[in-house]
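A.B. asks: Got a structure for you, questions after.
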Amino acid sequence: MKNWVIVFGGLLISSSFLEAKQIGAAEDLNWLTQAERFIEMKDPSIRKVALGALLMGLSCGLIGSYVVTRRLSLFGDTLSHAVLPGIAVGFIWAGEKDNFSLLIGAGIAGFAGVCCLSLLKKFTRIHEDSSLGIVLSAFYALGICLLTRIQKVGYTDQSGLDSFMFGQVSALSSNDINGLFITLLMISLFIVFNFRQLLVTGFDPQFSKSIGIPNDFLQFVLWMLIAFCVISSLQLVGVILVSAMLVIPAATASLLARRMKTYLVLSSLLGAGAGISGTFFSFLGKSLPAGPLIVLVSALLFLFILFLRPEKGILFCWLNTRSERSRIIVENTLKAAFQILEQKGFEENEITSLEIMKKRGLSRPEVEKEIQNLTTAGLATKNISPIDQVSLPSQTVMTLTPKGWEYACRMVRNHRLWELYLTNEAEYEPDHVHEDAEKIEHVLGEKTVRQIERLLQNPKTDPHGKLIPSITDIHQGNLPGAS
Amino acid sequence: MNFIPKFDPSKVFFEPWATPELIAWNSQVILMGFLVCWASGMVGTFIVVRRMALMGDAISHGILPGIVIAFLTFGSLEVGPMLLGACLAGLACSFSIEWLQQNSLINKDASMAIVFTSFFALGVTLINLQAGHLDLDTDCILYGEIGLTPLAPNFIFGGNDFGNRSLWVMGLICAAIIILVSLFYRQLLLTSFDAILAHSIGWPVKIIHLFLMLLLALSTVASLESVGVILVVAMLVFPSVTASFFFHRLPSILICTFPLGILYTFGGFHLAYWLDCSIAAAMAITASICFILSVIFGPRSYIWKTAKKKPS
Amino acid sequence: MKHHDLPIEVHDLTVSYQKKPVLYGVDLEIEEGSFVGILGPNGAGKSTLIKTIMNIIKPNGGYVKIFGDSPKTGIKRIGYIPQKESVDWDFPVTVFDVVLMGRYGYHGWLSRIGKEDRNKASECLEQVNMLAYADRPIGNLSGGQQQRVFLARALAQESAVYLMDEPFAGVDAVTEKTIISILQEMKKAGKTLMVVHHDLASAKEYFDQLLLLNMRKVAYGSVSEVYTHELLQKTYGGKLAVLSEMATEVAKNADT
């Protein structure tokens, strides 16, 4: 296998190497200088490429918002493969790489692809995903066949066609830039003038039809715009990866935005950002095609946002869970403290670590840690008791502060009210109630607790006959032993 | 030079078989074609009935970084490491898609698009970073070169020359796939049709799914050399959708893969010979033509049925 | 003292779906030979209960026992008939193929399907009046025929317990009569049947016991005991608002 790869690979690499003109091809420049050159934007070719990447990113981001929300991602992928034969035919027709004829060819091929999909849907029982696979591979194969044929026939200026696989930034012409600009303009105008209609048709197609919105026409235009976006981006990212640009920036934006307008803006900015950064890195790397790098930058941005977005980012969820856990441990300790004091009839106000260990079923170091947590939070104070007997180890002794007492009362009240509620109103068996109530008191809000109290008519005792601390007790801040 | 060469039947159909050397060369190419079609067709039938056709596309793109990393790690294009790397990448791809779906509100098709394009971009970038050091080139990964199959070295074992190594590898994989599919046919059938029933009789549904993904990665990797990553999808999808217009039971559809594979290979080979283009593309085009014909003329097609219903 | 193993025993079952509680503290003891109709408004958790018993959904609290075993092993003794919508009717199999699938549980991984299995499948098809359709692809069946095929498959499983999810939804009157008479036969043969049902009026006629479900068990018992205005009002009349809100909160914090 190695032999034939060398033979064939060598032929292809050398042929493409001869044609490709890299930006700043001098091998001696180190990457720092390259970076400077890029940022300064003095070189017209650099400016052109950056502009192209910017325009492409904006277009793909904008139209991509609709692709993702309407679940057209794989359709976008199919379309990007399906335009290939159109490009080949356009080239043959024009006899050279004339952007306009390529565009027309690609448009016709895209349209043909869409028609085939509709035909398959109407006349067969083939499922949607298989139909997409069929159209994708059939059109693509036709495209490859025509392209390899073109290579063999040896048209002049056919080198540009190879670049459609992964994009070749150096082959970007001013025609391409114009094409990108026009596409962006069309997409923006379409969205601006049809914003509300698009919103309604995306959300509820049936309803939109009933209020007279031309659903099918809008959808058709949307598809054609996707096709245009694909075609104009081909020179930069190539056929295979263009669908990535339609999906990834928009998906990233969907993690952050809640409203459609924000979504559109974020999506286009992310697309533009990825486009420019990717081109920048490709420029640094000298021989790396821009397409894959632009996609990788978008993917990294996506992962970054997925993990780090505020509130719902995976990292935050994990941190939240940990802080929730510690809050619950604190509350459980307070509850245990209350119960211990209650058992002693509120005559003392000191609680030993041994008592907590027994009540909570935890080990000594764990209890020490909990007491420390309470002390740090200002909910308790601690002392070391003197050694009574030689054999007993010294114990930590804890006293609740007024703040701690109030918190503990609230916890116990919530817990016992909830137990009563479940037993009385929801008719639960007593042995069900206890475990569930263990979780509830941590999440009951004040409003709900008042609601329950009213419902149960301000009860004084819970199903097990224990005291339910009343609001007055808590607000007066009565410490046990002082009341 | 004309774009479409003149079609001379004797030239197109007989020239490739004119001399003994040509016969020896081309029959290896044809055999490889059969094996690729049969292996992909068998696996692809289950992929299609599980409505996962584009998963096949996704995985065939997703295995690229696996192959490149295997090459970088082991320093050679040996089959073993490549298969391993590709299978691992394929499984990573399918896990990532599921993970993404479960841990965010991103819908299924967007998740697939995100994962496989990123993997693919990674693979292409790695290849290009190594340009000059790596003998792997992107075009062959993309659309393969089945015509160069006979160039592969021979398989030498214990001092005996068994013949073309690529054919042996593909042959073993194809045989393995056929045997495994026959052996575990009931399991694949039930988990595809009604996973809940399978689950209730105690079968490990997830593992069977993984097993199918593994077979998919295996057949894709093995076909890589010949038809390249892109056209694998054609070989996965076309046999079963074409056969479904002739037969209504799964076993018959599976068996139909064999004659269809032969048809695609011969059709593609001669088409490519006539047009002087990529054989893999020609095979896919042949498959499309067969499909279109079966849609129109197949006994189970809708068009036929509506025609029957019309009063004459 | 351990009493005899009940076909289905559920204790304090709590199930959340996408952070919303669907079932909350459900207790159930189903005796052998029962013929139970499960009633409740939409979203009350009826299908969820069935799926949790079938170990398709994992509960957040409580447990399920099937003949005293955990669900993982116990579900092998249950025949489950899902809702029609959950199946791909374009799948390339015939009616006979589907019914034969009911026999797969009786074979190891590599053993062959034998003549007795085929005979049993034919028998079951005969029982539901579908033998004439044995070689039809399943895509060409009406709603009622589809339901009967599923019933035949369940019969072929020869289970002791059957769980059915809305078997009468969207079927014609003839099929409904057929299904009910088959269910009656199954009950006479000593099977235990639990059926999620959507229609209050017919529930009274069809079943021996009724389970009224609305996120929690409202009532369970014989039709005469349970089919009362008061209990039906409790079931269909609106949920316990505070309970469901709170349960949502707990479910959200369920990871802690």
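The values are calculated or read from the model by the stated rules, or taken from the named source; none is laboratory data. Here the structure is a predicted model, which means the values were calculated and not measured. FYI the Cβ positions are ideal-geometry reconstructions off the backbone, even for glycines, and counts take in every protein chain you see.
A.B. asks: Do the conditions hold for B:LEU167, that is, is it at pLDDT 90 or above and either part of a helix (DSSP H, G or I) or of a type in the set (S, T, N, Q) (or both)?
C.D. replies: No, not satisfied.
A.B. asks: For segment B:71-96, which positions are in contact with a Pro (Cβ under 6 Å, 6 or more places away or on another chain) and at pLDDT below 85?
C.D. replies: B:PHE74
A.B. asks: Another one. Can you tell me how many residues in segment B:235-283 are facing chain A (nearest Cβ under 9 Å) and in a loop (DSSP other than H, G, I, E, B)?
C.D. replies: Taking segment B:235-283 and keeping what is facing chain A (nearest Cβ under 9 Å), we get B:235-238, B:240-241, B:244-245, B:271-272, B:275-278, B:280-283.
Restricting the remaining residues to those that are in a loop (DSSP other than H, G, I, E, B) gives B:244-245, B:276-278.
Adding up the residues that qualify gives 5.
A.B. asks: Looking at the structure I just gave you, is A:PHE220 over 27 Å from the mean Cα position of the chain (by Cα) and within 14 Å of another protein chain (Cβ to nearest Cβ)?
C.D. replies: Criteria not met by A:PHE220.
A.B. asks: Exactly one of these conditions fails for C:GLN209: (1) away from every other protein chain (no Cβ under 11 Å); (2) surrounded by 15 or more Cβ atoms within 10 Å (Cβ to Cβ); (3) at pLDDT below 85. Give me its number.
C.D. replies: For C:GLN209, the exception is condition (3).
A.B. asks: Right, next: Quick one: would you say B:LEU180 is among the aliphatic types (A, V, I, L, M) and in contact (Cβ under 8 Å) with a residue 60 or more places away in the chain?
C.D. replies: It is false that B:LEU180 is among the aliphatic types (A, V, I, L, M) and in contact (Cβ under 8 Å) with a residue 60 or more places away in the chain.
A.B. asks: Still on this structure, please answer the following. Quick one: count up the residues across segment A:126-141 that are assigned to a helix (DSSP H, G or I), within 7 Å of chain B (Cβ to nearest Cβ) and not hydroxyl-bearing (Ser, Thr, Tyr).
C.D. replies: 7
A.B. asks: Moving on. Examine segment A:69-83 for a residue that is of a type in the set (A, V, I, L, M) and under 22 Å from the mean Cα position of the chain (by Cα), and state whether such a residue exists.
C.D. replies: yes
A.B. asks: Quick one: what pairs do we get from segment C:74-97, first residue within 8 Å of chain B (Cβ to nearest Cβ) and closer than 30 Å to B:PHE246 by Cβ, second of a type in the set (S, T, N, Q) and in a loop (DSSP other than H, G, I, E, B), C-beta under 8 Å, 6+ apart or different chains?
C.D. replies: C:PRO92/B:SER244
A.B. asks: Within segment A:267-315, which residues are surrounded by fewer than 21 Cβ atoms within 10 Å (Cβ to Cβ), assigned to a helix (DSSP H, G or I) and free of Cβ contacts under 8 Å to residues at least 60 places away in the same chain?
C.D. replies: Hits for segment A:267-315 are A:SER277, A:PHE281, A:LEU300, A:LEU301, A:LEU303, A:PHE304, A:ILE305, A:LEU306, A:PHE307, A:LEU308, A:ILE314, A:LEU315.
A.B. asks: Further, regarding this structure: Only one of (1) away from chain A (no Cβ under 13 Å); (2) touching a strand residue (DSSP E or B) at 6+ places or on another chain (Cβ under 9 Å) is not met by B:MET32, so which one is it?
C.D. replies: All conditions are met except number (1).
A.B. asks: Which residues, taken from segment C:37-59, are over 22 Å from B:LEU197 (Cβ atoms) and crowded, with 18+ Cβ neighbours inside 10 Å?
C.D. replies: C:GLY37, C:LEU39, C:GLY40, C:ALA44, C:GLY45, listed by residue number.
A.B. asks: Here's another thing I want to ask about it. So, in segment C:27-73, how many residues would count as being hydrophobic (A, V, I, L, M, F, W, C), outside any helix (DSSP H, G or I) and under 24 Å from B:GLY202 (Cα atoms)?
C.D. replies: Result for segment C:27-73: 7.
A.B. asks: Taking the conditions exactly as written (over 24 Å from B:THR117 (Cα atoms) and outside any helix (DSSP H, G or I)), does A:ILE104 satisfy them or not?
C.D. replies: For A:ILE104, the condition - over 24 Å from B:THR117 (Cα atoms) and outside any helix (DSSP H, G or I) - is not met.
A.B. asks: For residues in segment A:294-344 being basic (Lys, Arg) and under 30 Å from A:GLY61 (Cβ atoms), which is farthest from the other protein chains (Cβ to nearest Cβ)?
C.D. replies: Among them, the one singled out is A:ARG309.
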